[in-house]
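One structure is given here, and the rest of the page talks about it.
The values are calculated or read from the model by the stated rules, or taken from the named source; none is laboratory data. Since this is a predicted model, take the numbers as computed values, not measurements. For neighbour counting, all protein chains shown are included, and Cβ atoms are generated from backbone atoms with ideal geometry for every residue, glycine included. Surface areas here come from the heavy atoms of the whole protein model, side chains and all, with no ligands, DNA or RNA. Shrake-Rupley method; radii C 1.70, N 1.55, O 1.52, S 1.80 Å.
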Amino acid sequence: LKDDKYLFNKRDNKTTNYPGYVDPIGGGRDDQETPYENFAREVEEESGLSMIRTQITYAKRYPSVAKPGKFVWFCVADLSQNSFSDVRWGSEGVDPFTTTLEEFIKLQNVYPTFIEKTKEYLKTKDL
């Protein structure tokens, strides 16, 4: 979003993995969605913000920790034309907030796999 801030929320208590932990917007793919289609759908479902493929500034595939033999994608999109007041939170997650990535990785209750992925992204951002 504006001011180099990123969207996050706490995982709700309905989730079986790390309820109450902080993570960025995202989620599992539906049927045969591409990683882009999945990310765009999750962004819209969870924040009400629309995006197009060219707004994705970073995407990297990782082996899934939860589902061995499968893969997950970590994506970052530039939605800097939007501010926090433009966000319309969906029914997933609680306590939405924005922060810098540097502050995000210092939080105590971050969903574990996102700390290292975010640090990797920050290294590429500094290039």
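Here is how the numbers come out for the structure above:
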item	result
Rounded to the nearest 20 debye, dipole of the chain from Cβ charges on Lys, Arg, Asp, Glu	420
The chain, accessible area per residue, ligands and nucleic acids excluded (1.4 Å, Å²)	63
Around Gly48: net Lys/Arg minus Asp/Glu count, Cβ-Cβ under 15 Å	-4
Ellipticity estimate at 222 nm from DSSP helix runs (n ≥ 4, -39,500 (n - 2.57)) divided over the chain, nearest 500	-7000 deg cm²/dmol
Neighbour cut-off at most 11 other Cβ (10 Å), DSSP loop, trypsin sites (Lys or Arg not before Pro), segment 74-121	Arg88, Lys106
For segment 47-96, size of Cβ-based charge dipole, Lys and Arg +1, Asp and Glu -1, in debye	380
Carbon + sulfur, % of accessible area of the chain - ligands and nucleic acids excluded, 1.4 Å	50
